[in-house]
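Worksheet: one structure, shown below.
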Amino acid sequence: MAHFILSLAFQALIFLLLILLAAFLAYCIYIKHIHIKYDHIPGPPRDSFFFGNSPTIMHIMKNGLVHDKYLEWAEVFGSVYKFSFLHYVFIVVTSPEATKTILLSPKYPKDNFVYKTLFSVFGQRFLGNGLITVQDHEYWYKQRRIIEPTFNTLYLKGVMGTLNDRAEKLMDKLSEVSDNRTEANMVHLFHCVTMDVIAKVGFNVDLNLLQSTSPFLKAVENCFKGMIVHVSDVFFQFNPKNRPFVKEVRDSCRLLRASGAQWIKERRAAMQNGDDVPKDILTQMIKVVGKEESVTPEDEECIVDNFMTFITAGQETTGNLLASCLMEMARQPEILQKVRKELDDVIGMKQDISYDNLGQLVYLSQVLKETLRLYPPAPSTSRDLQEDVVMDGIHVHAGVICMFNTYVTGRMERFFKDPLTFDPDRFHPNAPKPYYCYYPFSLGPRSCMGQNFAQMEAKVVMAKLFQRFDFTLLPGQTRELMDTGPLKPKSGVMCYVTHRDHNK
């Protein structure tokens with residue numbers, strides 16, 4: 001009897017192995033079919049049959065900036081090229097016409113490979129179905145309709161007091177740094193002030209990160225690090241030696257989401273009690289969701305998702321823009337002199353900058369736009385191609401992921417003469433506008449809703465900064481960027497800060 005059972009078990013094992021072998025062979029045939037289907041599109045040679053170009057890309061992501069490789073491939077293979085991973089095919093598009101066609105249309109959803117991965121990080125819900133990551137157009141539109149009214153002109157004018165106040169706190173901190181003759185990590189300080197701003201204007205919470213310690217900044221940093229690892233290495237969390245980092249990332253996600261849920265709970269209670277509440281992002285989200293005929297648990301969770309979206313992306317990207325701008329200005333005395341001349345003419349030495357003043361700071365706007373060209377914090381976006389299209393004469397079958405990279409197009413000679421030269425005059429009001437090759441806030445219906453707010457915030461902070469202080473970069477500071485989700489200066493923009501001599 002035992003022999004008979006063993007025989008049956010052995011036969012079952014053989015049968016299972018045959019099924020697995022058949023499935024493996026079927027998958028190999030499918031990958032070969034995908035190769036044949038898209039091999040007419042230019043692109044780098046695959047590193048291997050199964051893993052395509054991913055070994056090269058993963059190696060670069062661990063040791064450098066993968067966007068430089070995308071730029072190199074664009075120069076070699078043209079405006080539409082491919083690379084692959086398993087049965088996934090990615091098409092990198094630098095063609096302005098194709099960029100316009102796809103990004104401006106609502107019929108191309110954000111891709112499943114990248115954005116679905118950001119729903120959670122290592123199994124812990126991260127951005128969920130928030131504005132950045134949600135793929136279903138109708139559900140996205142429902143959310144956009146909820147939040148968009150808070151970014152109207154009246155609201156933006158109303159936050160100028162907070163922008164001035166938080167920027168002044170940064171000036172106080174820099175005065176302290178200058179008086180003590182200590183080094184300043186400007187990336188860190190800018191992240192503090194931008195987190196303080198978004199917490200106050202979006203959720204009416206005073207974090208005061210420039211004066212106190214908080215786990216918030218570290219938690220955001222951990223979440224973005226985990227996001228990058230999670231996207232680039234699907235097996236990372238299963239390696240036992242990575243468990244401490246995986247736990248730290250999960251704990252950071254939980255901390256941020258729990259804080260958001262608590263703030264939402266407190267605000268909802270205040271609204272139900274008839275208390276006066278600010279007309280900010282949080283109030284708008286709660287109010288509009290409450291008007292829906294049916295509110296599902298997912299709708300409630302989505303409020304937290306959008307809290308996560310604003311508190312992470314809204315803080316990190318603007319902070320990195322400020323740091324990159326300062327990094328360039330410390331190396332560009334002639335450009336800085338022109339910025340200061342404009343500041344002297346528009347705001348002089350007054351402390352509070354008005355909304356109308358911002359519109360008068362034309363050259364400072366050019367400097368910030370040029371910074372975004374060379375150092376875009378959000379370098380790329382991607383879409384699922386769900387129908388056949390022709391891009392620059394190349395027929396691309398449906399079923400691929402189209403990637404659009406403003407870091408790549410911003411550094412191409414085809415679009416910008418001497419692209420590595422920092423030249424704000426590219427964005428002079430009378431200069432030709434870049435044609436679908438410059439999109440630091442993305443393009444079309446899924447473009448960044450807070451882009452006007454972010455540029456206002458950057459202007460206020462940099463205007464005060466350049467008016468009052470001089471900066472000297474420490475030796476070893478470079479223009480290199482690191483990919484932490486958003487791109488940020490790799491060396492921290494370490495500076496010596498001194499009070500500006502206005503007699504010079």
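The values are calculated or read from the model by the stated rules, or taken from the named source; none is laboratory data. Note that the structure is a prediction, hence the values are computed from the model and not measured. Neighbour counts are summed over all protein chains in view; Cβ atoms, including those assigned to glycine, are modelled from backbone coordinates with ideal geometry.
Restricting to segment 89-125, and then to whatever is among the aromatic types (Phe, Trp, Tyr) and out of contact with any Gly (no Cβ under 8 Å at 6 or more places or on another chain), can you tell me which residue is surrounded by the fewest Cβ atoms within 10 Å (Cβ to Cβ)? Talk me through it step by step, then tell me what you get.
Looking only at segment 89-125, we keep the residues that are among the aromatic types (Phe, Trp, Tyr), and these are 90, 108, 113, 115, 119, 122.
From the residues that got through so far, the ones that are out of contact with any Gly (no Cβ under 8 Å at 6 or more places or on another chain) too are 90, 108, 113, 115.
Working: Phe90: 22, Tyr108: 21, Phe113: 14, Tyr115: 21.
The residue in question is Phe113.
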* To do: Could you check, for segment 416-425, whether at least one of its residues is touching a helix residue (DSSP H, G or I) at 6+ places or on another chain (Cβ under 7 Å), over 26 Å from Val493 (Cβ atoms) and touching a residue at least 12 places away in the same chain (Cβ under 8 Å)?
  => no
* Looking at Lys110, Lys82, which is the one that is under 20 Å from the mean Cα position of the chain (by Cα) and modelled with pLDDT of 85 or more? -> Lys110
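Right, Ala22: part of a helix (DSSP H, G or I) and either surrounded by fewer than 10 Cβ atoms within 10 Å (Cβ to Cβ) or in contact (Cβ under 8 Å) with a residue 24 or more places away in the chain (or both) or not?
Numbers: part of a helix (DSSP H, G or I): yes; either surrounded by fewer than 10 Cβ atoms within 10 Å (Cβ to Cβ) or in contact (Cβ under 8 Å) with a residue 24 or more places away in the chain (or both): no.
For Ala22, the condition - part of a helix (DSSP H, G or I) and either surrounded by fewer than 10 Cβ atoms within 10 Å (Cβ to Cβ) or in contact (Cβ under 8 Å) with a residue 24 or more places away in the chain (or both) - is not met.
Quickly run through segment 34-60 and pick out the residues that are charged (D, E, K, R) and farther than 24 Å from Phe24 by Cβ. Please lay out each step first, then the result.
Here is the first cut: in segment 34-60, the ones charged (D, E, K, R) are 37, 39, 46-47.
Selection gives nothing.
What do you reckon, is Ala313 among the aliphatic types (A, V, I, L, M), outside any helix (DSSP H, G or I), at pLDDT below 95 and under 20 Å from the mean Cα position of the chain (by Cα)? Step through it out loud before you land on a result.
Working: among the aliphatic types (A, V, I, L, M): yes; outside any helix (DSSP H, G or I): no; at pLDDT below 95: yes; under 20 Å from the mean Cα position of the chain (by Cα): yes.
Against the criterion (among the aliphatic types (A, V, I, L, M), outside any helix (DSSP H, G or I), at pLDDT below 95 and under 20 Å from the mean Cα position of the chain (by Cα)), Ala313 does not qualify.
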* Asked: Which one is farthest from the chain's Cα centre (by Cα) among residues in segment 372-395 that are crowded, with 18+ Cβ neighbours inside 10 Å and of a type in the set (Gly, Ala, Ser)?
  -> Ser382
* Asked: Going by the conditions given, is Ala431 exposed (fewer than 15 other Cβ atoms within 10 Å of the Cβ), of a type in the set (A, V, I, L, M) and within 24 Å of Lys107 (Cβ to Cβ)?
  -> no
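What about Pro149, is it touching a helix residue (DSSP H, G or I) at 6+ places or on another chain (Cβ under 7 Å), in contact (Cβ under 8 Å) with a residue 12 or more places away in the chain and under 26 Å from Val408 (Cβ atoms)? Full working, then the answer.
Details: touching a helix residue (DSSP H, G or I) at 6+ places or on another chain (Cβ under 7 Å): yes; in contact (Cβ under 8 Å) with a residue 12 or more places away in the chain: yes; under 26 Å from Val408 (Cβ atoms): no.
Spelling it out, it is not the case that Pro149 is touching a helix residue (DSSP H, G or I) at 6+ places or on another chain (Cβ under 7 Å), in contact (Cβ under 8 Å) with a residue 12 or more places away in the chain and under 26 Å from Val408 (Cβ atoms).
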* To do: Provide a single number: the residues in segment 220-265 that are closer than 25 Å to Gly202 by Cα and aromatic (Phe, Trp, Tyr).
  => 2
* Asked: Between residues in segment 48-61 that are touching a residue at least 12 places away in the same chain (Cβ under 8 Å) and residues that are in a helix (DSSP H, G or I), which pairs lie under 6 Å by C-beta distance while being six or more apart or on different chains?
  -> Ile57/Val66; Met58/Ser232; Met61/Ser232
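Can you tell me which residue in segment 25-66 is farthest from the chain's Cα centre (by Cα), limited to those that are among the basic types (Lys, Arg) and part of a helix (DSSP H, G or I)?
Restricting attention to segment 25-66, the residues satisfying the condition of being among the basic types (Lys, Arg) are 32, 37, 46, 62.
Within this subset, residues satisfying the condition of being part of a helix (DSSP H, G or I) are 32, 37, 62.
Details: Lys32: 34, Lys37: 32, Lys62: 19 Å.
Across segment 25-66, the extreme among qualifying residues is Lys32.
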* Collect the residues in segment 448-490 that are modelled with pLDDT under 90 and among the small types (Gly, Ala, Ser), keeping them in residue-number order. => Gly450, Gly476, Gly485
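Out of Phe224, Phe203, which single residue is in contact (Cβ under 8 Å) with a residue 24 or more places away in the chain, over 20 Å from the mean Cα position of the chain (by Cα), closer than 30 Å to Met160 by Cβ and buried (at least 20 other Cβ atoms within 10 Å of the Cβ)? First the steps, then the outcome.
Numbers: Phe224 fails: over 20 Å from the mean Cα position of the chain (by Cα).
Residue meeting the stated conditions: Phe203.
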* Test: residue in segment 76-93 that is touching a Phe, Trp or Tyr at 6+ places or on another chain (Cβ under 9 Å), assigned to a helix (DSSP H, G or I) and in contact (Cβ under 8 Å) with a residue 24 or more places away in the chain -> no
* Answer yes or no as to whether Pro445 is modelled with pLDDT of 95 or more, of a type outside the set (Val, Ile, Thr) and either surrounded by fewer than 22 Cβ atoms within 10 Å (Cβ to Cβ) or part of a helix (DSSP H, G or I) (or both). => no
